[in-house]
Every structure is written in C-alpha cells, then in structure tokens.
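Notes follow once the structure below has been shown.
The values are calculated or read from the model by the stated rules, or taken from the named source; none is laboratory data. These numbers were taken from a predicted model, which means no experiment stands behind them. Cβ sites come from the backbone with ideal geometry, for glycine too, and all protein chains shown count toward neighbours. When the accessible area is computed, the model is the full protein with side chains, heavy atoms only, and any ligands, DNA or RNA have been set aside. Shrake-Rupley method; radii C 1.70, N 1.55, O 1.52, S 1.80 Å.
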Amino acid sequence: MQIETMVVHAGERRVEGAVVTPIFQSATYVHDEAKGYHDLRYLRLNNTPSQVVLHEKLAALEGAVSALVTASGMAAITTTLFALLKAGDHIIAQNVLYGGTYDFVTKDLPQLGITYDLVDASDVASWEAKRKPNTKVVYVETIANPLLAVPDLPAVVKFAREHRLVSVIDNTFASPVLYQPVAQGFDLSLHSCTKYMNGHSDLVAGAVIGGRDLVERVKHKLDHLGGSLDPHACFLLQRGMKTLALRVRAQSTNAMAVAKCLTGHAAVERVYYPGLATHASHAAAVRALTGGFGGMVSFDLRGGRDAANRFVKRLKLPIDAPSLGGVDSLVSIPAQSSHANLSPEARARAGIGDGLVRLSVGIEGTDDLVADVLQALG
Ligand SMILES: *Cc1c(COP(=O)(O)O)cnc(C)c1O
C-alpha cells in the first residue's frame, strides 16, 4: 500500500465500532494465564493496546516486521545502544550527530567501557581503518543537523553487512516518507517522533523500527530502563501520524521554494539544502531519498552573528524556538542554540558559522513563507 494509506489505516483497532482507536488509559491488564514476566500486560512492558497499535503502524511505514515506541527520541537511541553494546565493545559513528547522541556516544558510553571512533559518512572507504575486532555497531543519520549532509547510505549498508556489524540509522530528519532504512538494508531505524512523525510540536516520543529479533532485544532493555510512552501521548502521536505523508510533501515543497529564493540573494553567502545541485550531498540525496528533500533549510548570512539575529527578529511567521518538523515553521541560530556549547574553533571545524540560520519549514502557504523570508532579508 502507499504510505498515504498506511499512515491512516495500518495497526488501527476499530474498538466497539469507533472509527478512531481510543486511548487505553489503563496501567495494567487482566492476568492471562501468565506465560511469563514479559507477557504480563503493563504500560512499562510496552505491550498495551495504545502502544501496540503504534508498533504496527510504525513497522508498516518503513516496510519492517517490528517496531517499538519510546518515551522520547533519546530513549530510543540510548536504549538501542545499551541493547547492542556491552563493556569491551566498539562503535563506529558519524562525526556529525544530534547533540544528545554525540554526548552519549562520546561521554556516557566510554564510562561503561564502550569505545568509539567518529567517521566521515560521505567517505565510507575511510571506515575500514577505524574498524576493530570488537566493533559491533555502525551509526549514522539520514540527514544530519545543521548542514543537512546525507551519507553514502548504500555504502554504509554494504560495509555493515560485509563485516557483520549492526547498522543503525537515525531517520528523524527524513521520516519514512523520504527514506525507509530497513527496506534499504539497515538493521534498525530510529526516530525522534517529536519531530516529523507527530508533526505538531506538542509531545516528545521516539521509535525503534527493524527486524523481529533486534527489536525484541531493544524491547527487553526498554522494559528494564523504563522509557515507555504513556497512552495519551500514544494517542496524540497516532493522530499526528495520519497526516505525515501530506505534511512532509508540503514541507519539502515549501523548503525547496525557500532554498531557491535564498540562492543568489545578496545577503546570503551560502545555502544548504540537499535538493539543490550546489549541496555537497546532492548526489547522495538524489540516490537515496524519494519524493522530496525534506523540510530543513540552512544558510549562511553574510553579516555573521548580528545579521542572523536581525533576520530572526524580523521574521513574522517562523518562530524562534528549538526543535523541528512541526506544522509551524521554526527558526534557530545553531551557534547560539544547538551548538552553543562547542568552542568557536570546534564550530568552525564543523562548518557552523556565526551567521548560520536553520529553518524548519512548516506547512504555511509557500508564497507567504517566501515573502516573509525575503522581507526579513531585506
Ligand atoms: C530531536 C532529535 C533527537 C532527540 O529526540 P527527543 O525526542 O528530543 O528525545 C534525536 N535525533 C535527532 C536527529 C533529533 O532531531
């Protein structure tokens, strides 16, 4: 089925004829000849109807067998890495990662005896030099924040398969509309459902999607660590997901229009959008992504920090707030928000200038957004 159909119908339970799956607001369920601890139905064990409906919908969207919903994107990421790695193991991870993930890999994992190497995801040929006998996992992001680099994804899958490593990808920025990692050979696809999946900036949630055995392993770890999603958030996420395909297509269309209006503007030094032929990852994005290039656009303003601050203040539609992927356009200045804790030198090495602005493009009218961006640049 088409993704537009699956977001509406997959997993839904029409209880008592209700068109909308109700909120199952119950922590525990009637004892069913208990087969074992993991068969008792209890919210923390991630097996109650509000959660299971989402598991089925999430798995369907990415052509996978199993899925798990979690209390946040970070719960999905940390629980997955805890499930896959133990003391003495090694992970190869992309050198540009979501901030929380970067800190977890480079600070928390080493405290537990798990070592890492960071690699350039556009040059998978360079990874072999970093591989060790105890390497267990490779970890990348489909579209990385904030310069929107897309790895050589087929090469990542090939490398992992050749060396029998578990391949994990954070697919948050692409969403299943643009990329289906498991169908493309990744072992596990992770999401911050806080972003595009829910799409309304009104909850935090996460997801783990993949094959039965690996997802089961992550589920057992999640049962113990306790990062489970509550029924009301499940309901909101399920409702938000029904419009996922429509939203992401509208956001991709809007983002392309904004990226084009920024290109060549006198106040703009450089535009980062994977859909532009000038983007370093354009070829990788064209090869991997389907139906658009996503709703995130970043750009360098010529006037540096002051120009970036002035631009953000003058915008009338995008709201100055962290996070992304919702129906409302949001704007942020990475050097003063998501990447403020890096030293200026580290930011420069990562290509994040003081005049860099990141837009999470929403579903507002294309002409209104373009007009607002142009007036703020003026
Ligand atoms: C926001 C985000 C996360 C963390 O998700 P939370 O829901 O805030 O825990 C992880 N990865 C990416 C790419 C994100 O954008």
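So, Leu236, is that one among the aliphatic types (A, V, I, L, M), more than 15 Å from the chain's Cα centre (by Cα) and part of a loop (DSSP other than H, G, I, E, B) or not?
Values: among the aliphatic types (A, V, I, L, M): yes; more than 15 Å from the chain's Cα centre (by Cα): yes; part of a loop (DSSP other than H, G, I, E, B): no.
Answer is no for this residue.
In region 111-132, what count of residues is obtained for those that are of a type in the set (Gly, Ala, Ser) and open to solvent by 50 Å² or more (accessible area, probe 1.4 Å)? The qualifying residues number 3. Just a yes or no: is a residue in region 216-224 in a loop (DSSP other than H, G, I, E, B), in the same structural domain as Lys86 (by TED's automatic domain parsing) and either within 14 Å of the ligand (Cβ to nearest atom) or surrounded by 19 or more Cβ atoms within 10 Å (Cβ to Cβ) (or both)? Checking region 216-224: not a single residue is in a loop (DSSP other than H, G, I, E, B), in the same structural domain as Lys86 (by TED's automatic domain parsing) and either within 14 Å of the ligand (Cβ to nearest atom) or surrounded by 19 or more Cβ atoms within 10 Å (Cβ to Cβ) (or both). Within region 162-191, the set of residues being within 14 Å of the ligand (Cβ to nearest atom), open to solvent by 10 Å² or more (accessible area, probe 1.4 Å) and not in a loop (DSSP other than H, G, I, E, B) comprises just one member, Asp170. Whenever a residue of region 254-267 is closer than 11 Å to Gly295 by Cβ, its partners that are loosely packed, with under 15 Cβ neighbours inside 10 Å and among the small types (Gly, Ala, Ser), lying with C-beta atoms within less than 9 angstrom and at least six residues away or across chains, give the pairs Asn254/Gly365. Scanning region 291-304 finds no residues that are over 28 Å from Arg239 (Cα atoms), within 16 Å of the ligand (Cβ to nearest atom), in contact with a Pro (Cβ under 6 Å, 6 or more places away or on another chain) and at pLDDT below 95. May I ask you to verify whether Ala205 is crowded, with 17+ Cβ neighbours inside 10 Å, touching a strand residue (DSSP E or B) at 6+ places or on another chain (Cβ under 7 Å) and among the hydrophobic types (A, V, I, L, M, F, W, C)? So Ala205 passes the test. Total residues in region 176-202 satisfying the condition of being within 21 Å of Ser66 (Cβ to Cβ) and over 14 Å from the mean Cα position of the chain (by Cα): the figure is 6.
State which residue is farthest from Ala83 (Cα to Cα) when the search covers only region 244-264 and only residues that are open to solvent by 50 Å² or more (accessible area, probe 1.4 Å) and not hydrophobic (A, V, I, L, M, F, W, C). Taking the candidates together, the pick is Gly264. One residue is enough: does region 119-128 have a residue meeting the conditions assigned by TED's automatic domain parsing to the domain that holds Gly99, under 20 Å from the mean Cα position of the chain (by Cα) and within 16 Å of the ligand (Cβ to nearest atom)? The answer is yes, given that some residue of region 119-128 is assigned by TED's automatic domain parsing to the domain that holds Gly99, under 20 Å from the mean Cα position of the chain (by Cα) and within 16 Å of the ligand (Cβ to nearest atom). Of Arg249, Arg314, Arg302, all but one fail to be in contact (Cβ under 8 Å) with a residue 12 or more places away in the chain, within 18 Å of the chain's Cα centre (by Cα) and over 26 Å from Ala155 (Cβ atoms); the exception is Arg249.
Just to be sure, is Pro146 in contact (Cβ under 8 Å) with a residue 40 or more places away in the chain and either assigned to a loop (DSSP other than H, G, I, E, B) or within 14 Å of the ligand (Cβ to nearest atom) (or both)? Please lay out each step first, then the result.
On the way: in contact (Cβ under 8 Å) with a residue 40 or more places away in the chain: yes; either assigned to a loop (DSSP other than H, G, I, E, B) or within 14 Å of the ligand (Cβ to nearest atom) (or both): yes.
Yes: the conditions hold for Pro146.
No other residue among Val248, Val258 is at pLDDT 95 or above, farther than 27 Å from Gly303 by Cα and in a helix (DSSP H, G or I) apart from Val248.
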